[in-house]
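Below is one structure; the comments refer to it alone.
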């Protein structure tokens, strides 16, 4: 496909809120913009190759949902680490435990810490959203509750744990700011999809709630898993077997949930709007209204992801591009017609 055809083809631009900034992912590039304490924005752009371009079978329906969940988990942790480094405010020495791990594994401290954090995040998620609900379901069945009601209760408990976890996170000041950047990401994506010029004034008018958000995806995963377990394995009362079944079915649930999310995001009729309403409302827990400085970061990331870094922009000693206004990221008219590779 030519660059011009590629520019005119519809595509989903995704993003992620990071520490004091926003990441945007275009079809072929990722851009991260963070605002440093002195008010300047630093930007990093890197090429992105979708797994389905390397291995076409990874783009097949159902399979692409599993691949997307795994890649987003890894990418999310990597982007968070990079954004923290870009802020330039953390100069902490590695702990004894981190140095010990690095010496044993023969890797850099950053990779070791990221690997440990990823493992801990997976363990926490499995414990909160699979182990505890499946143990509760088994206990309910042991006291005489039948399989279907026990499965429904377990599914509702998952959702309540998710709501409680997100509510708790929103009480932490730094996380609340990240939720504001999350809102800035959504508003900027909406503005881009509407074909309006990317300015804080235009982006400000859009909603913080977007149908393709990962928060909505999590809710869909929990609902799909509850429906599936009403059909498969609801009579299993053994706690270990029930836990293993929940774990084994997770890829299937993720694959189906991804297709549901895409379908709800790209259709617009009364039924679809009703079905995606719960996911949109869940985002009220993970988004906040951003200020214009946050919208600027999201706009810069969008422009840079689509059109490349501004030419002749100053560089920081670490090699990041330094900007003081979102206007510096606006490409010339001819370049805006052809996103860079």
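The values are calculated or read from the model by the stated rules, or taken from the named source; none is laboratory data. If you're wondering where the values come from, they're calculated on a predicted model, not measured in any experiment. Here the Cβ positions follow ideal geometry from the backbone for every residue, glycine too, while neighbour counts run over all protein chains shown.
The table below gives the values:
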item: Matching residues in region 124-144 - criterion: being more than 28 Å from the chain's Cα centre (by Cα), surrounded by 15 or more Cβ atoms within 10 Å (Cβ to Cβ) and without any contact (Cβ under 8 Å) to a residue 40 or more places away in the chain; result: 136, 140
item: Residues (out of contact with any strand residue (DSSP E or B) (no Cβ under 7 Å at 6 or more places or on another chain) and crowded, with 18+ Cβ neighbours inside 10 Å) located in region 181-201; result: 183, 186, 187, 188, 190, 191, 192, 198, 200
item: Wholly within region 226-341, helices (runs of 4 or more DSSP H) carrying at least 3 residues that are in contact with a strand residue (DSSP E or B) (Cβ under 8 Å, 6 or more places away or on another chain) and modelled with pLDDT of 95 or more; result: 292-307
item: Any hit, region 103-115, residues being buried (at least 17 other Cβ atoms within 10 Å of the Cβ), modelled with pLDDT of 90 or more and within 23 Å of the chain's Cα centre (by Cα); result: no
item: Any hit, region 256-275, residues being surrounded by 13 or more Cβ atoms within 10 Å (Cβ to Cβ) and farther than 25 Å from residue 183 by Cα; result: yes
item: Filtered residues of region 31-80 (kept if in contact with a helix residue (DSSP H, G or I) (Cβ under 7 Å, 6 or more places away or on another chain), touching a residue at least 60 places away in the same chain (Cβ under 8 Å) and farther than 24 Å from residue 255 by Cα); result: 31, 32, 33, 34, 35, 41, 42, 43, 44, 45
